[in-house]
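Novice: Mind looking over this structure? Questions follow.
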Amino acid sequence: MNVMEVNFENFDTEVLASDKPVIADFYADWCGPCRMMRPALDQIAAERSDVKVVAVNVDDEEELAEKYGISSIPCVIAFKGGQETDRSVGLVPKDRILALVGG
Amino acid sequence: MYDMIIIGAGPAGMTAAIYARRAEKSVLVLEARSYGGQIVSTPDIENYPAAPHISGFDLAVKMYEQATALGAEFKFERAVSIKDGETKTVITSGGSYEAHAVIVAVGSENRRLGIEGEEELIGRGISYCATCDGAFFRKKDVAVVGGGNTALEDALYLADLANTVYLIHRREGFRADESTVARLRERENVKFVLNSRVTKLIAEGSLKAVEVTDNDGSKTLLEVKGLFAAIGRIPENKDFGDVIDLDEGGYIRAGENCHTNAAGIFAAGDNRTKELRQLVTAAADGAVAATEAIKYIAELKQ
């Protein structure tokens, strides 16, 4: 699977109602650390069928950024059963991203 | 066994790798986070020769591609200590590696305020980069801590976005350029909170307010959603202080030839004692340190 871009309209169905744990990457195109971290998210999406990886462009999706209290990016939030279970802010390696959903 | 281990894949470390590989030395670059270092957060670099406008990300990718194309090996592991000797051993989060010479190019990180709850609030109101995170505080009240150029430039940048910007500084006077101070004084939405320091963070999931105490001990509550700390940077050398000399600020004592007190261990970039910490001087250090390391290895093998 690839990283799926999500927006305000499909966030509830794709993320909150997902039967798999979700890693949601809040990013922007101008954010260097976000671009630096993207390959790790691409790898997780390709390698792990038990985890769903989505991306939220905070410039396009201000309501979602506001709703989840994003004040620094990259910000990766883990969701399970519609609830936020963990989050990480700043450029982190792949294993730290995976640790958010239990490794 | 490598000829050279370079700790840190910022501009200094990657330049060192390029020089070492062009001299056909085997090179391992160890990096705790991701290559590029501090420049990755800079959207537009305008002072690197021949690249009038380039993003830090793009420059980092070009350096990385150049170093790997030349045959430098990168491992993304945190170096936790160096064992000195004729053969140097670098212990990392993932293993241990040996080399004839080591270049320490770990750079620096943002100095923390040192207030309870600070770490947990990073990304929830606490920030060390106004240009990175300022956009999330449009029309909100924010505070900047510091008195140098970075702090005042951050306050100017935020004044265009935020509602009110409080500039909190522990003294009356600023270290920043007078012209920057004057420009900031013209802004109606900037309030100066001088002779004061932040003493408490008030949060409920995210930052809600900060308590400020002035030099007379009286306390004020500022209701801000964002607190931008710009109180300098600290070198990330502390894990290596047992084998190489550091100064009071934690910088590796090394001159322009990048030699440390330990033979075969060199320092390059922002973590070295130096006058000017810039991308171009970091790259220059990388070239010098690699060349000195190559000379050292040649002497060793004689």
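The values are calculated or read from the model by the stated rules, or taken from the named source; none is laboratory data. Just so it is clear, the model here is predicted, and its values are computed rather than measured. With ideal geometry, Cβ positions are generated from the backbone for all residues, glycine too; neighbour counts draw on all protein chains shown. Heads up: the accessible areas ignore ligands, DNA and RNA and are worked out on the full protein's heavy atoms, side chains in. Shrake-Rupley method; radii C 1.70, N 1.55, O 1.52, S 1.80 Å.
Novice: Determine the order of B:53, B:259, B:100, B:169 by accessible area, beginning with the largest, at a probe radius of 1.4 Å.
Specialist: The ordering from most to least exposed comes out as B:53, B:259, B:100, B:169.
Novice: Select from region B:51-83 those chymotrypsin sites (Phe, Trp or Tyr not before Pro) which occupy a DSSP coil region and have at most 15 other Cβ atoms within 10 Å, ordered by residue number.
Specialist: Answer in residue order: no site qualifies.
Novice: Separate question: When only Cα pairs under 8 Å and 6 or more residues apart are kept, what is the percent relative contact order across chain B?
Specialist: 21
Novice: Right, another one. Counting only C-alpha contacts under 8 Å and six or more residues apart, can you give the relative contact order of region A:17-75 as a whole percent?
Specialist: It rounds to 52 percent for region A:17-75.
Novice: Turning to a different aspect of this structure: Past 23 Å, Cα to Cα, is the threshold; run B:139/B:219; B:200/B:274; B:140/B:200; B:62/B:295; B:238/B:301 against it and keep the listed order.
Specialist: B:139/B:219; B:200/B:274; B:62/B:295; B:238/B:301
Novice: Going 7 Å from the Cα of residue B:65 in the Cα-to-Cβ direction, what parts of region B:275-291 have a backbone nitrogen less than 12 Å from that spot?
Specialist: none
Novice: If B:140, B:274, B:238, B:200 are ordered by their accessible area, calculated over protein heavy atoms with a 1.4 Å probe, which sequence runs from highest to lowest?
Specialist: B:238, B:200, B:140, B:274
Novice: So which residues in region A:1-47 end up with at least 10 square angstrom less accessible surface once the other protein chains are there, compared with the chain by itself, probe 1.4 angstrom?
Specialist: By number: A:30, A:32, A:33, A:35, A:36.
Novice: Can you tell which of A:25, A:42, A:50 shows the greatest fluctuation in a Gaussian network model of chain A with Cα springs below 10 Å?
Specialist: Taking springs between Cα atoms under 10 Å, the residue moving most is A:50.
Novice: Is the shape of region B:145-241 best called rounded, prolate or oblate, per the rule: a/c under 1.5 gives rounded, else a/b larger than b/c gives prolate, else oblate, with a ≥ b ≥ c the square roots of the Cα gyration tensor eigenvalues?
Specialist: Rounded is the answer for region B:145-241, as its axis ratio a/c remains below 1.5.
Novice: If you restrict to DSSP beta bridges whose two residues both lie in chain B, what percentage is antiparallel, to the nearest 5?
Specialist: Expressed as a percentage, antiparallel bridges in chain B total about 45.
Novice: Moving on. With every protein chain present, what is the per residue accessible area of region B:119-229 (1.4 Å probe, Å²)?
Specialist: 49
Novice: Using amide H atoms built 1.01 Å from N in the peptide plane, name the residues 5+ places from residue B:166, or on other chains, whose amide H lies under 5 Å from its own.
Specialist: Long-range HN contacts for residue B:166: B:142, B:143, B:144, B:191.
Novice: Taking the Cα centre of the protein assembly as shown as origin, sum charge times position over the Cβ atoms of Lys and Arg (+1) and Asp and Glu (-1), and report the length of that vector in debye to the nearest 20.
Specialist: Dipole magnitude for the protein assembly as shown comes out near 640 debye.
Novice: Which aspartates and glutamates have a Cα less than 13 Å from the Cα of residue B:25, not counting those fewer than 8 places away in the same chain?
Specialist: Straight-distance partners of residue B:25: B:3, B:73, B:292.
Novice: Of A:71, B:41, which has the most accessible area and how do the rest follow, probe 1.4 Å?
Specialist: Largest to smallest exposure gives the sequence B:41, A:71.
Novice: Moving to a separate point now. Kirkwood hydrodynamic radius, region A:46-99, all distinct C-alpha pairs: what's the number in Å?
Specialist: 12.3
Novice: Can you give me the % of accessible surface on the protein assembly as shown that is carbon or sulfur? Probe 1.4 Å, all protein chains present, nothing else counted.
Specialist: 46
Novice: Let me ask something else about it. Pick out which of B:92, B:180, B:291 has the largest mean-square fluctuation in a Gaussian network model of chain B, springs linking Cα atoms closer than 10 Å.
Specialist: Among B:92, B:180, B:291, the largest GNM mean-square fluctuation belongs to B:180.
Novice: Another question, then. Where only protein heavy atoms count, and the probe is 1.4 Å, what is the accessible area per residue for region A:4-99 in Å²?
Specialist: With the other protein chains kept in place, region A:4-99 gives 44 Å² per residue.
Novice: Mind checking the mean number of beta-carbon atoms from other chains within 10 Å of the Cβ atoms in A:82-90?
Specialist: Taking the mean over all residues of the peptide, I get 2.
Novice: Report the accessible surface area buried between chains B and A, summing both sides, using a 1.4 Å probe on protein heavy atoms only, in Å² rounded to the nearest 100.
Specialist: Interface between B and A: roughly 1500 Å².
Novice: Filter the GluC sites (Glu not before Pro) in region B:19-50 down to the DSSP loop ones having no more than 16 other Cβ atoms within 10 Å, then list what survives.
Specialist: Listed in order of number, the matching sites are B:24, B:46.
Novice: Restricting to bridges with both residues inside the protein assembly as shown, how much of the DSSP beta-bridge set is antiparallel, in percent to the nearest 5?
Specialist: Antiparallel bridges make up about 50 percent of those DSSP assigns within the protein assembly as shown.
Novice: To the nearest 0.05, how large is the calculated FRET efficiency for residue B:185 and residue B:208 if R₀ is 30 Å and r is the Cβ-Cβ distance?
Specialist: For residue B:185 and residue B:208, the calculated efficiency is 0.60.
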